[in-house]
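Here is the structure we will look at, set down as structure tokens.
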Amino acid sequence: MSDDYQIHIPPSFEAVHRDARGRLSVSRDEFRARYELCEDMAQMLVERCQAVHHDQGVDEEQILERTQAGLASAESGFTEAEAAWVVTRLAELLGWPWAGLSQATEAAGIRRPAAR
């Protein structure tokens, strides 16, 4: 049986749903659906976060913290780990500094250019 799934799921998201032995903690179909949901949420939040930052002058870090708190709430439908991943991805898309972003890039072996 071939696997025709064409979307690359990054290792940072795989880590959210792998157990200590490296096995997926959910079915492959659920894993893929959760990734698509989380990626879509990060993409959807970009414009809203930019608007809050520019229109209301709210600090970037504060926006990301509030977003993560909202996504981590029980009624959001996201796990705490997924909420953290979504906000880290959101920070990456926005180009905003975020502690989770530094940790994710280090874990993936990506070196970010040093600030000048």
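The values are calculated or read from the model by the stated rules, or taken from the named source; none is laboratory data. Owing to the predicted nature of the structure, the values given are computational and were not obtained by experimental measurement. Methodologically, a virtual Cβ is constructed for each residue, glycine included, from the backbone with ideal geometry; neighbour enumeration extends over all protein chains shown. Accessible surface is based on the protein model in full, side chains and every heavy atom, while ligands, DNA and RNA are left aside. Shrake-Rupley method; radii C 1.70, N 1.55, O 1.52, S 1.80 Å.
Annotation for Ser25 and Val58: the two label points, set 7 Å from Cα along the Cα-Cβ direction, are 2.8 nm apart.
Relative to the globular-protein estimate of 2.2 N^0.38 Å, the Cα radius of gyration of the stretch 12-70 stands at 1.46. Once all protein chains are placed together, Arg32 keeps about 30 Å² accessible to a 1.4 angstrom probe. Ligands, DNA and RNA excluded, the heavy atoms of Glu92 present near 90 Å² of accessible surface to a 1.4 Å solvent probe.
With K and R counted +1 and D and E -1, the other residues having a Cβ less than 11 Å from that of Trp85 yield a net charge of -3.
Ordered from highest to lowest accessible area with the whole protein assembly present and a 1.4 Å probe, Thr79, Thr88 read as Thr79, Thr88.
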